[in-house]
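Report on the structure given below.
The values are calculated or read from the model by the stated rules, or taken from the named source; none is laboratory data. These numbers come from a predicted model, not from an experiment. Here Cβ is always computed from backbone atoms with ideal geometry, including for glycine, and neighbour counts include all displayed protein chains.
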Amino acid sequence: MGLHFGTLFWPGTLAKSNRHPSLKGPTKTRAVIIGGGMSGVTCGYTLAKSGIDAILIEQRLIASGSTSANTGLLQFSNDTMLSEFAEQIGEQTAVRFYRACKHSAEKLCDIADGLRSETDFKRRSSLYYASKPEDVSVLMKEYDMLHRNGFDAEWWDETRIAEHFPFRRAAAIVTHGDGEVNPYLFVHALADEAVRNGLRIYENTALLSVESRSGGYRVMTGDGVIDAEHIVYAVGYTPELAGGRWVQATINRSYAIVTDPVQSLSAWHERFLLWETARPYLYMRTTTDDRIVVGGLDENVRQPVLSERELRNHSMRLLSELHKLFPELNAHIRYEWCASFGESADGLPWLGEDPDRPGQYYCLGYGGNGTIYSLLGAEIIRDRLLGFDNPIASIVRPDRSAKPTPHQ
């Protein structure tokens, strides 16, 4: 199954990437990671930085799957609001989870800022606005809970929004400490840094089977065999490759456009990341070369569209939404795509050890905040391998009872 259709922007921004060999023959390691996208490479980097011997295998090339269609927003806020999580899992647990997301966002920003290769990373604030006046009460409830629990958030009324942007909305929450990144450059730069720290990466190496053996597992690939104590499934939006019975994901599709460089973005206050309370929601960001990324129009269909005409219809709708907010911008579509993404019923990812299969782990960042969840999963797995308790492992454990969140 294809994960995306259309013309992708990010792969064309990297002139030349470091390639990795395919696996030939037998080898062994403590942990083998299946998947070379955002989750897999983040996990490989985290394990390698902690001194854990690890191998990563990717059936095609690094960042060639859903990472190529990732829109690169690093936000601690989730598709599921803190106040919604609080209704489902209790405020104390929800706050603990949101604080972990905040920590991961800050850490990803620090990592991106410190990598040797360019990642087009910028620190940003986010404007989360009410799509319609009726949403103001919901937004105020969210702000109150964020503010009460020490998150860096501001309440903007209609007047303040209009003072900073060419559009009016009834209210918004502004959060600080977020960021934006070129996900394709970031994953390649992170992979290079992980290799420097000891991670072994094999591209064009597909997982064929896993066999139990004394002390761990034997991973069979096309031309090689890996003996490992632990297996990490970072297989993105193909959950069937992870096996097990716990991951009950819904695979949907979403749309995105990237414009030509825009002559002036002066009306876009501090290049905030923009998103809204409607579900499905619209979101927007800028790029370092003055393009605009617009995404949304999610649909409950697994397969991406397969015709240019259908894709263009959705792309024009996204462009229309951009012009509603910024009517003076002379923006033209240059890249457009439709891509698969995964969700869970409760808005939480599947991270950690499969209780049915000791030594096998999920690093599946489903739930609308995949990049943040990737680091959460990497740290949970790292802590498990080092013998430490992770404070949020129980919240996102694979065998939890995944009940729908209130807005779903």
Open item on the list: Being among the aromatic types (Phe, Trp, Tyr) and closer than 30 Å to Asp290 by Cα is true for just one of Tyr255, Tyr217. Which residue is that?
Closed with: Tyr255
- [ ] Please give the strands (runs of 3 or more DSSP E) falling wholly within the stretch 166-262 in which 2 or more residues are among the β-branched types (Val, Ile, Thr) and in contact with a strand residue (DSSP E or B) (Cβ under 8 Å, 6 or more places away or on another chain).
- [x] 171-180, 216-221, 224-233, 250-259
TODO: Return the total of residues in the stretch 297-322 being surrounded by 13 or more Cβ atoms within 10 Å (Cβ to Cβ), of a type outside the set (A, V, I, L, M, F, W, C) and under 26 Å from Glu163 (Cα atoms).
DONE: 1
Task: Residue count for the stretch 145-164, restricted to those that are in contact with a strand residue (DSSP E or B) (Cβ under 8 Å, 6 or more places away or on another chain) and part of a loop (DSSP other than H, G, I, E, B) - done: 2
TODO: Would you mind telling me which numbered condition in (1) surrounded by fewer than 24 Cβ atoms within 10 Å (Cβ to Cβ); (2) outside the structural domain of Thr277 (by TED's automatic domain parsing) Ile333 fails?
DONE: (2)
TODO: Starting from residues that are more than 26 Å from the chain's Cα centre (by Cα) and touching a residue at least 60 places away in the same chain (Cβ under 8 Å), keep the ones in the stretch 145-168 and report whichever is surrounded by the most Cβ atoms within 10 Å (Cβ to Cβ).
DONE: Phe165
TODO: For Asn390, state whether it is within 29 Å of Val95 (Cα to Cα), without any contact (Cβ under 8 Å) to a residue 40 or more places away in the chain and buried (at least 16 other Cβ atoms within 10 Å of the Cβ).
DONE: yes
Open item on the list: Kindly evaluate Lys16 against the criterion of being among the basic types (Lys, Arg), in a loop (DSSP other than H, G, I, E, B) and either in contact with a helix residue (DSSP H, G or I) (Cβ under 6 Å, 6 or more places away or on another chain) or more than 30 Å from Arg309 (Cβ to Cβ) (or both).
Closed with: yes
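Residue-wise test of (1) of a type in the set (S, T, N, Q); (2) part of a helix (DSSP H, G or I).
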{"position": "Val305", "(1), (2)": "no, no"}
{"position": "Asn313", "(1), (2)": "yes, yes"}
{"position": "His323", "(1), (2)": "no, yes"}
{"position": "Leu329", "(1), (2)": "no, no"}
{"position": "Arg334", "(1), (2)": "no, no"}
{"position": "Ser340", "(1), (2)": "yes, no"}
{"position": "Gly347", "(1), (2)": "no, no"}
{"position": "Leu351", "(1), (2)": "no, no"}
